[in-house]
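The next block holds one structure in the form of structure tokens; read it before the comments.
Each value in this text was obtained by applying a stated rule to the coordinates, not by laboratory testing. For clarity, every value in this text was computed on a predicted model and none was experimentally measured. Reconstructed Cβ throughout: ideal geometry from the backbone, glycine too, with neighbour counts over all protein chains shown.
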Amino acid sequence: MIHFEKFMILLEVSAKFQPSLTHFESQLDSAVNHARSIHEEYKRPIFCLLINERSLEESMVSKALKDILDKIKPSERIFLTATSIQEFSELGHIMSDNYEDVLSDITSADLYRLLKTTMANGVKGRFHVEFAAALKAVKSPTMPLGI
């Protein structure tokens, strides 16, 4: 868990090799249940990021995420997305290879907007793509901050 003044990020990570769809769905459920157990006391938005071997590019994985998202009430202020280990790793390489000098310019408010954008896109929310685009916007002085 990463606590910020206005929100929390809950990371759920699995390094299980070639997890079944059932296992992926179980991890999604677990992330939501974990967020729900925290939310009663926390009372701020909780953004859950599941890092797993499976990608939202797979239609069955997107459907599994959509099914879970449909069960979360807006009043709960729990948001969920997933990214694959490979996608997250690629983001790490992009960050270290091209944007190490601007990472400290990203504020918690920027991260909050980035997470809201990712979550608003539902199953099409691709955290790794959104974050890389935001870094590019920060580095390019001709572009407004995109997050």
So how far, in whole Å, is the C-alpha centre of the range 93-142 from the one of the range 49-65?
20
Over the alpha-carbon set of the range 71-112, divide Rg by the Kirkwood Rh and report the Rg/Rh ratio to two decimals.
1.13
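Viscosity 0.890 mPa s, temperature 25 °C: Stokes-Einstein D of the range 10-78 from its Kirkwood Cα radius, in µm² per second? Provide the component values of the computation, followed by the final result.
Numbers: Rh = 12.5 Å.
Reported coefficient: 196 µm²/s.
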So the angle from the long Cα axis of helix 21-42 to the longest Cα principal axis of the chain, reported in degrees to the nearest 10, equals 80
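So what is the diffusion coefficient of the chain in µm² per second by Stokes-Einstein at 25 °C and 0.890 mPa s, using a Kirkwood Rh over Cα pairs? Mind dumping the intermediate values first?
Values: Rh = 15.8 Å.
The estimated diffusion coefficient comes to 155 µm²/s.
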Could the peptides 108-114, 42-48, 68-74 be put in order, highest first, of the mean number of other beta-carbon atoms found within 10 Å of their residues?
42-48, 108-114, 68-74
In nanometres, the difference between 0.36 nm per residue of separation and the alpha-carbon distance of Asp101 and Leu21 is 25.0 nm
